[in-house]
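Just below is one structure, and these are the notes that go with it.
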Amino acid sequence: MADDTELTATLPAWRSTSSITLPVLAAIGITLLLTLGVLWLIPAWTASPLLGHVLRWLPALLWGMLANIQISVLAIALGTAAGLVIGALQLSPVVPAATVARWYVQIFRNAPMLILIYFSTYVFPFEIRLGNTYLAFPDWIKVTLGLALPASANVAEIFRGAIGGIPSAQWEAAAQLGLRRSQAYRWVILPQCLRRMLPPWMNLYATITMGTALASLVGVKDLLDTAQIASSTVNRVDFTVTVYFLTLLLFFLYCYPISRLTQYLEKKHAFH
Amino acid sequence: MRPADWLQATVASLKAAGLNYEFLLAASERASFLHGLVVTLELALAAIVCSLVAGLLLAAMLVSRHRWLALPARGFVEVTRNTPTLVQLYCAFLVLNMLITEALKLSGGNPLTPFLWVVVVISLHKAAFHAEALRAGLQAVPPVMLEAAASLGFTSTRRLWLVQFPLALRFALPSLVNNLVDLVKMTTVASAIAVGDVTYQAIMIWSQRDNVLELMLLLLLFFSLLTWLVNQGGRALEHYWRIPGYGR
């Protein structure tokens, strides 16, 4: 028995006691360390006008972050709507439709996000003609579409995976109860899929959110772009250090809770 | 037919189809595009090797019984996984690199190149993902295996290296390959700091010739090829390392 306990304890005991709180503490610790490191780089920061610069630029930075959030939310919404259709097409008994859907998923899952963003920015027109009126097609919407492409391909794949993970006995049981295929789909399979799809879908959302930082490369006024403008406007070493690490911190504060929630849901789901 | 004629004929027939690949006929542009392909390949290869080494070290730290090793590793993994690579690249290249340049101004300048920074940032970013995959693999090794190894008289170090780690590597392999596919795609961010990879060269060409779509197709083809190669390599390794009695 003594040997037994020794073996099961190959992973350190402190991990099992509070496996959720410690990583959180560690993450907070590292962000604090980063911040402290930044402060350490600036010896007389209270006396310097650094804090004033930071406070002056903070609203602009947060406003830029709002653009990131806006793009990510819109991209995941479009991507989810399109991805569910494509995912269903992938499983369709109509062979050409399934083949096209599978190619779509392959291409847009394997394409680098940055290239898709360049693609949508430079290939789409900058305005759309509707009769006699010209509708502006701003860059941030193009970036949203560019991110919605990989999002839709990934949602399609998540959907296919979730359907594939439902035991076929479920279909058979539904058929035994006299449900038509469409009814079984709607009332038996889909509700189970949604629960399975939630964690990977949230992971995808976090990925897309981090992808929105690439929007700054095509000139969208997002958080990173604002940080660059701030850094070159103020033109101080200590401010540059602070503003980039602040950008990192803001993204972290937005994405980390999503990632924690995903892990929690995955763990909860694992017992069902 | 000479290769040059063949190229000319191909470009002409593509032109007839509405695709402008004339930059391939201009020697300097063709050379810079081909150089870009090589730089991307170098970036990907260097980052794949470095990320695997760093991932292994991080995984070892994550499962260490010493908190002072495990907690910083956990914090690093969480910060890295939850922030955009581009922001990390800027923090490294625009901030750390700048500070290093300032510090070394008197002693002969900064030896670190943008290429090196991209390799470091991408490697560390993917190392965090590798480490998570390896950690999950280590935990997936059935305790019975370890008990069996212990009863055969293995010391805990030998048990780790000869039993637990080889199995964990096999369990983690699919995730590791996935991470490497992501890594290859991620090399495109190098263009943000003008490393001269294929994406950067493509931008240079299309801003002169206005043939975005044509270059996009080439880039997509190139990256599809690279990710396919990584996937094939992964599959071959999976086959080579397959455990009798596990999987199909």
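Only the coordinates and a few stated rules stand behind these numbers; no lab work does. Since we're looking at a predicted model, the values are computed, not measured. Every residue, glycine among them, receives a Cβ derived from its backbone with ideal geometry; neighbour counts consider all protein chains shown.
To the nearest 0.05, how large is the calculated FRET efficiency for residue A:97 and residue B:4 if R₀ is 41 Å and r is the Cβ-Cβ distance?
0.40
For an R0 of 22 angstrom, estimate the FRET efficiency from the Cβ-Cβ distance between residue A:134 and residue A:70 and round to the nearest 0.05.
With R0 = 22 Å, the Cβ-Cβ based efficiency is 0.40.
For segment A:161-232 and segment B:1-65, write down the distance between their C-alpha centroids in whole Å.
32
Hey, which lysines would be in cross-link range of residue A:267, C-alpha to C-alpha under 30 Å, not counting anything within fewer than 8 residues on its own chain?
Of all the lysines, those that pass the test against residue A:267 - Cα under 30 Å, at least 8 places apart if same chain - are B:126, B:185.
With +1 assigned to the C-beta of every Lys and Arg and -1 to the C-beta of every Asp and Glu, and no other charges, what is the dipole magnitude of chain B about the Cα centre in debye, to the nearest 20?
Charge dipole of chain B: 900 debye, to the nearest 20.
Rg and Dmax of segment A:54-168 over Cα atoms: what are they, in angstrom?
17.6, 60
When a/c is below 1.5 the answer is rounded, else prolate if a/b is larger than b/c, else oblate, so apply that to chain B with a ≥ b ≥ c taken from the square roots of the Cα gyration tensor eigenvalues.
Taking the square roots of the gyration eigenvalues as a ≥ b ≥ c, chain B is oblate.
Segment B:77-145: which trypsin sites (Lys or Arg not before Pro) are DSSP loop and have at most 15 other beta-carbon atoms within 10 angstrom?
Of the trypsin sites (Lys or Arg not before Pro), the ones in loops of segment B:77-145 whose Cβ has at most 15 other Cβ atoms within 10 Å are B:105.
May I ask you to list the residues of segment A:144-173 whose amide nitrogen lies under 19 Å from a point 7 Å from Cα along the Cα→beta-carbon direction of residue A:186?
A:171-173
Only sites in a loop by DSSP and with at most 16 other Cβ atoms within 10 Å count here; which trypsin sites (Lys or Arg not before Pro) in segment A:201-267 make the cut?
A:221, A:236
Rank B:51, B:12, A:204 by how far each Cα sits towards the positive end of the charge dipole of the protein assembly as shown (+1 on Lys, Arg Cβ; -1 on Asp, Glu Cβ) and give me just the farthest.
A:204
Computed FRET efficiency, Cβ-Cβ of residue B:15 and residue B:242, R0 41 Å: what is it to the nearest 0.05?
Efficiency, rounded to the nearest 0.05: 0.25.
Once you order the gyration tensor axes a ≥ b ≥ c over the Cα atoms, which shape class does segment A:90-239 get: rounded for a/c under 1.5, otherwise prolate or oblate by comparing a/b with b/c?
Taking the square roots of the gyration eigenvalues as a ≥ b ≥ c, segment A:90-239 is prolate.
So for the pair residue B:30, residue A:36, with labels modelled 7 Å out along Cα→Cβ, what separation do we get in nm?
The two pseudo-label positions are separated by 5.9 nm.
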